[in-house]
Amino acid sequence: MADKMNLILMNGTLDKLLAATTITSGAVAMGKEVTIFVTFWGLNAFRKGAWADPAAQKLPADYQQYAPALKEAMQRMGVKPWIETLKTAKELGNVKVYACGLTMDMFGLKLADLEDVVDGEKGVAGFVGDSEGAQVLVF
Amino acid sequence: MPDLTIKQEIDARGSACPGPLMELIRGLKSASVGEVVAVLSNDPGSNKDIPEWVQKIGYELVAAETTGNQTRFVVRKTK
């Protein structure tokens, strides 16, 4: 089993954010190092405050009809906002979050515009370099 | 007889996956080797997740006591 897990988080929809941060927690629980490369719409979800903004919390178009049921189930079960799950994983393990440099430029974003859980900016070569010997998952 | 004094009791009820497991890990991180930590969960997922994690990581599941819809997992940090 590889001791590193690298996630490419491309999507900014709630299902992907929840899955990616929950799997990050599982990897931390198993003692793995995790690097998350946040790009495209995934990066958009890391804008300051977006996680709490109902207008920014979306599901993929195919599953939009399930949004109310999902919201109800999450509240009933005590599913934490994805950013809290990520913060806990960072606190308990070795998790680094990097924003994709190209997406930052395309969206006109600076690191200061993003949530503090983002550790820095990286280019694709840096991320691929980091992925050597790691299990890579795409969300 | 090994010491069964509970170093920390964590109430993770009302928290869903991965909450209770992460709370248990937080508790065990701050415990010393040989100490015992307990976590109370009413997330059905914990019944699979916590024993499996304890086994994989190589700690000891001292007890898993289910009362109604909640389970208290007692885990010893063995290394």
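The values are calculated or read from the model by the stated rules, or taken from the named source; none is laboratory data. Bear in mind the structure is a predicted one, so any value in this text is a computation, not a measurement. Note that each Cβ is placed from the backbone with ideal geometry, even for glycine, and that neighbours are counted across all protein chains shown. The area values use the complete protein model at the heavy-atom level, side chains included, leaving out ligands, DNA and RNA. Shrake-Rupley method; radii C 1.70, N 1.55, O 1.52, S 1.80 Å.
For A:ALA73, state whether it is open to solvent by less than 90 Å² (accessible area, probe 1.4 Å) and within 16 Å of the chain's Cα centre (by Cα).
no
Tell me which of these A:TRP51 doesn't satisfy, since it passes every other one: (1) closer than 28 Å to B:GLY27 by Cα; (2) open to solvent by 20 Å² or more (accessible area, probe 1.4 Å); (3) within 14 Å of chain B (Cβ to nearest Cβ); (4) touching a helix residue (DSSP H, G or I) at 6+ places or on another chain (Cβ under 8 Å).
(3)
What residue, among those in segment B:32-53 that are within 14 Å of B:PRO18 (Cβ to Cβ) and of a type in the set (Val, Ile, Thr), is farthest from the chain's Cα centre (by Cα)?
B:ILE50
Being among the acidic types (Asp, Glu) and either within 14 Å of A:LEU9 (Cα to Cα) or within 16 Å of the chain's Cα centre (by Cα) (or both): is that true of A:ASP130 here?
For A:ASP130, the condition - among the acidic types (Asp, Glu) and either within 14 Å of A:LEU9 (Cα to Cα) or within 16 Å of the chain's Cα centre (by Cα) (or both) - is not met.
Quick one: B:THR67 ticks every box in (1) open to solvent by 80 Å² or more (accessible area, probe 1.4 Å); (2) modelled with pLDDT of 95 or more; (3) under 13 Å from the mean Cα position of the chain (by Cα) bar one, so which box is it?
(3)
Kindly establish whether A:ALA27 is at pLDDT below 95 and in contact with a strand residue (DSSP E or B) (Cβ under 8 Å, 6 or more places away or on another chain).
Numbers: at pLDDT below 95: no; in contact with a strand residue (DSSP E or B) (Cβ under 8 Å, 6 or more places away or on another chain): yes.
The answer is no for A:ALA27.
Within segment B:14-24, does at least one residue satisfy the condition of being closer than 25 Å to A:LEU86 by Cβ, open to solvent by 20 Å² or more (accessible area, probe 1.4 Å) and assigned to a helix (DSSP H, G or I)?
Yes, segment B:14-24 contains a residue that is closer than 25 Å to A:LEU86 by Cβ, open to solvent by 20 Å² or more (accessible area, probe 1.4 Å) and assigned to a helix (DSSP H, G or I).
Has segment B:54-62 got any residue that is within 12 Å of the chain's Cα centre (by Cα), part of a loop (DSSP other than H, G, I, E, B) and either within 14 Å of chain A (Cβ to nearest Cβ) or β-branched (Val, Ile, Thr) (or both)?
yes
Could you list, in sequence order, all residues of segment B:25-51 that are more than 13 Å from chain A (Cβ to nearest Cβ), polar (S, T, N, Q) and more than 24 Å from A:ASN94 (Cβ to Cβ)?
B:ASN47
Considering only residues that are closer than 20 Å to A:LEU14 by Cβ, in a helix (DSSP H, G or I) and away from chain B (no Cβ under 14 Å), which ones fall in segment A:86-116?
Answer for segment A:86-116, where residues must be closer than 20 Å to A:LEU14 by Cβ, in a helix (DSSP H, G or I) and away from chain B (no Cβ under 14 Å): A:THR103, A:PHE107.
Would you point out the residue of segment A:62-81, among those that are in contact (Cβ under 8 Å) with a residue 24 or more places away in the chain and in a helix (DSSP H, G or I), that is farthest from A:GLY12 (Cα to Cα)? It would help to see each step written out before you state the result.
Just the residues of segment A:62-81 that are in contact (Cβ under 8 Å) with a residue 24 or more places away in the chain, to begin with: A:63, A:70, A:79, A:81.
Pick out the ones that are also in a helix (DSSP H, G or I) and you get A:63, A:70.
Values: A:TYR63: 14, A:LEU70: 16 Å.
Ranking the candidates gives A:LEU70 first.
Given (1) more than 14 Å from chain B (Cβ to nearest Cβ); (2) farther than 30 Å from B:GLY27 by Cβ, identify the lone condition not met by A:GLU72.
Going through (1) more than 14 Å from chain B (Cβ to nearest Cβ); (2) farther than 30 Å from B:GLY27 by Cβ one by one, A:GLU72 breaks only (1).
So, in segment A:5-61, exactly how many residues are of a type in the set (Asp, Glu) and in a helix (DSSP H, G or I)? Talk me through it step by step, then tell me what you get.
Filtering segment A:5-61 down to residues of a type in the set (Asp, Glu) leaves A:15, A:33, A:53.
Of the ones still in play, those that are also in a helix (DSSP H, G or I) are A:15.
Selection size over segment A:5-61: 1.
Filter segment B:1-13 down to residues that are away from chain A (no Cβ under 14 Å) and assigned to a loop (DSSP other than H, G, I, E, B) and give me whichever is most open to solvent (accessible area, probe 1.4 Å). Full working, then the answer.
Filtering segment B:1-13 for residues away from chain A (no Cβ under 14 Å) gives B:1-9.
Then drop every residue that is not assigned to a loop (DSSP other than H, G, I, E, B), which leaves B:1-5.
Numbers: B:MET1: 221, B:PRO2: 87, B:ASP3: 97, B:LEU4: 94, B:THR5: 91 Å².
Checked segment B:1-13; the qualifying residue most open to solvent (accessible area, probe 1.4 Å) is B:MET1.
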